[in-house]
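Student: Handing you this structure, nothing more for now.
Every read-out reported here was derived from the displayed coordinates using simple, explicitly stated rules and does not represent laboratory data. Note that the structure is a prediction, hence the values are computed from the model and not measured. Glycine also receives a Cβ, built like all others from the backbone with ideal geometry; neighbour counts cover every protein chain displayed.
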Amino acid sequence: MTEPRRRERLRPGELVGFAAVIALFAGGTILAVTRDAGFATIVLGATFVIDLLVISMLMLAITPNKPMDGEPPPGTPHD
């Protein structure tokens, strides 16, 4: 059994970090506009959760499935 490469191990952290950056931007924008720290915190948390859901759904949609055992990989001609 092979261990996952470094890039594969760090990928979830990159996606969570990306969602955090987007949430910080949204929370900071709301804080600058309204000057209400409570509302900005709520927007920050909600944006973070929504971003995580959207990013995970997009990753599920674009990640190709591995072929089952004994199945030829996609794109090979069938005999």
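Student: Under a plain spin-label model, where a point goes 7 Å from the Cα along Cα-to-Cβ, how far apart in nm are Thr41 and Arg11?
Tutor: 3.6 nm
Student: Could you check the spin-label model distance between Val21 and Thr34? Points 7 Å from the Cα along Cα→Cβ, value in nm.
Tutor: About 2.5 nm, to one decimal.
Student: Moving on to the next point. Got a sec to turn the phi values of the range 27-34 into Karplus ³J(HN,Hα) couplings, 6.51 cos²θ - 1.76 cosθ + 1.60 with θ = phi - 60°, whole Hz, x for Gly and Pro?
Tutor: Each residue of the range 27-34 in turn: x, x, 5, 5, 5, 5, 7, 9 Hz.
Student: With a/c under 1.5 counting as rounded, go ahead and sort the range 13-62 into rounded, prolate or oblate using the C-alpha gyration tensor (a ≥ b ≥ c being the square roots of the eigenvalues; past the cut-off, prolate if a/b is larger than b/c, else oblate).
Tutor: Verdict is prolate for the range 13-62.
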